[in-house]
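One structure coming up, written as structure tokens, with questions to follow.
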Amino acid sequence: MNQLFNLSGRTALVTGSARGIGFALAEGLATAGARVILNGTRADTVADAVSRLDAKGFSAQGRAFDVTDEQAVADAFAQWDKDGVKIDIVINNAGIQFRKPLVELELSDWQRVIDTNLTSAFIVSKQAAQRMIARGTGGKIVNIGSLTSEAARATVGAYTAAKGGIKMLTRAMSAEWAASNIQANAIGPGYILTDMNQALVENAAFDAWVKNSNPSQRWGRPEELVGTAVFLASPASSYVNGQIIYVDGGWLAVL
Ligand SMILES: NC(=O)c1ccc[n+]([C@@H]2O[C@H](COP(=O)([O-])OP(=O)(O)OC[C@H]3O[C@@H](n4cnc5c(N)ncnc54)[C@H](OP(=O)(O)O)[C@@H]3O)[C@@H](O)[C@H]2O)c1
């Protein structure tokens, strides 16, 4: 049974993993045996996150780059090629939120949210999949969606469009890459306690809404996404492709 979920000998890139969900997923994959590559926009916070994993005895390295910058992503992959680093697993986790009603939303903010939450997954996965296909080794792509991959809420229109796009991009990836033994799937987290939601947690009305409308009656924790991420990154999911698994405490199951 352990072999099904064993990531020993695999290298995983987790974007946006200096903190929050990304860091928890990177630590989870490392616990399952993977070498992990951490990423974020800032070299200092990425280095700090790498040292936290190093201190626990895990094999981790880091590289800061902006996932929306195609050249920066290509440079990172070219450097890993030179260093002999072969990426078997990509978790497209980097993301941002920006709350404003659609009628007030500037095009530049719409574009920033779409680029960071959706286009980045195309940019990073394209580089990874080109190499997985050329090596003939297959691989794993795990895209991070959201409840908004399925349902809309006011003030997060660009984010909703991006995360809905993640669900369909995941299917497009599996349509093109499954024959090369690449499994592309997504995780749709519910409301999880991270920096992204700090203002919402501190807003008593929103906090009460989260607790009253979710059948689990609580926020989720980043580590509660680890089991699904390890499953989708491991041999256990070798015939699972193009799916999005919601880890939301049951939220989407109820009205
Ligand atoms: N928290 C939730 O309730 C929730 C629910 C559903 C889905 N999600 C999704 O889960 C993912 C992680 O969310 P989180 O709550 O952990 O967010 P977070 O705590 O705000 O962390 C976001 C991470 O993404 C990185 N990032 C942002 N823009 C980037 C860019 N252009 N290039 C590289 N890295 C970038 C950040 O890097 P820096 O540290 O350098 O800023 C940070 O490491 C996102 O895709 C989010 O949409 C979250």
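When you scan the range 78-92, how many residues do you find that are under 14 Å from LEU13 (Cα atoms) and either within 13 Å of the ligand (Cβ to nearest atom) or not in a helix (DSSP H, G or I) (or both)?
8
Looking at the range 121-162 only, could you name the residues that are out of contact with any helix residue (DSSP H, G or I) (no Cβ under 8 Å at 6 or more places or on another chain) and not in a loop (DSSP other than H, G, I, E, B)? Spell out how you get there, then give the answer.
Residues of the range 121-162 out of contact with any helix residue (DSSP H, G or I) (no Cβ under 8 Å at 6 or more places or on another chain): 126, 130, 134-135, 137, 154-155.
Matches in the range 121-162: LYS126, GLN130, ALA134, ARG135.
Moving on. Would you be able to say whether some residue in the range 169-180 is modelled with pLDDT of 95 or more and crowded, with 24+ Cβ neighbours inside 10 Å?
Yes, the range 169-180 contains at least one residue that is modelled with pLDDT of 95 or more and crowded, with 24+ Cβ neighbours inside 10 Å.
Name every residue in the range 9-58 that is of a type in the set (A, V, I, L, M, F, W, C), within 16 Å of the ligand (Cβ to nearest atom) and out of contact with any Leu (no Cβ under 8 Å at 6 or more places or on another chain), in order of residue number. Spell out how you get there, then give the answer.
Restricting attention to the range 9-58, the residues satisfying the condition of being of a type in the set (A, V, I, L, M, F, W, C) are 12-14, 18, 21, 23-26, 29-30, 32, 34, 36-38, 43, 46-47, 49-50, 53, 55, 58.
Still in the running and within 16 Å of the ligand (Cβ to nearest atom): 12-14, 18, 21, 23-26, 29, 36-38, 43, 46-47, 49-50, 53.
Once the filter is applied, which keeps residues that are of a type in the set (A, V, I, L, M, F, W, C), within 16 Å of the ligand (Cβ to nearest atom) and out of contact with any Leu (no Cβ under 8 Å at 6 or more places or on another chain), the range 9-58 yields LEU13, ALA43, ALA47.
Give the residues of the range 120-142 that are within 15 Å of the ligand (Cβ to nearest atom), over 16 Å from ALA76 (Cβ atoms) and without any contact (Cβ under 8 Å) to a residue 60 or more places away in the chain, sorted by residue number.
ILE141, the sole residue that qualifies.
So, one more: Kindly establish whether ASN6 is more than 16 Å from the ligand (Cβ to nearest atom) and at pLDDT below 95.
The answer is no for ASN6.
Next question. Go through the range 194-219 and count every residue that is touching a Phe, Trp or Tyr at 6+ places or on another chain (Cβ under 6 Å) and either surrounded by fewer than 18 Cβ atoms within 10 Å (Cβ to Cβ) or not hydrophobic (A, V, I, L, M, F, W, C) (or both).
Residues of the range 194-219 that are touching a Phe, Trp or Tyr at 6+ places or on another chain (Cβ under 6 Å), as a first pass: 200, 210, 214, 219.
Of the ones still in play, those that are also either surrounded by fewer than 18 Cβ atoms within 10 Å (Cβ to Cβ) or not hydrophobic (A, V, I, L, M, F, W, C) (or both) are 200, 214.
Number satisfying all stated conditions: 2.
Tell me which strands (runs of 3 or more DSSP E) are completely within the range 1-77 and hold 2 or more residues being without any contact (Cβ under 8 Å) to a residue 60 or more places away in the chain, or say none if there are none.
On the way: elements: 11-14, 35-38, 60-62.
Filter on the range 1-77 gives 35-38, 60-62.
Please specify each residue of the range 224-255 satisfying the condition of being within 23 Å of GLN3 (Cβ to Cβ), surrounded by fewer than 20 Cβ atoms within 10 Å (Cβ to Cβ) and of a type outside the set (S, T, N, Q).
Listed by number, the residues that qualify are GLY227, PHE231, PRO235, ALA236, TYR239, VAL240, ILE245.
With the structure loaded, tell me whether THR116 is of a type in the set (S, T, N, Q), part of a helix (DSSP H, G or I), within 13 Å of the ligand (Cβ to nearest atom) and in contact with a Gly (Cβ under 7 Å, 6 or more places away or on another chain) or whether it fails that test.
Spelling it out, THR116 is indeed of a type in the set (S, T, N, Q), part of a helix (DSSP H, G or I), within 13 Å of the ligand (Cβ to nearest atom) and in contact with a Gly (Cβ under 7 Å, 6 or more places away or on another chain).
Go through the range 171-230 and give me each residue that's within 11 Å of the ligand (Cβ to nearest atom), part of a loop (DSSP other than H, G, I, E, B) and within 29 Å of ALA129 (Cβ to Cβ).
Result: GLY190, THR194.
The values are calculated or read from the model by the stated rules, or taken from the named source; none is laboratory data. Source: prediction; values computed, not measured. Neighbour counts run over all protein chains shown; Cβ positions are idealised from the backbone, glycine included.
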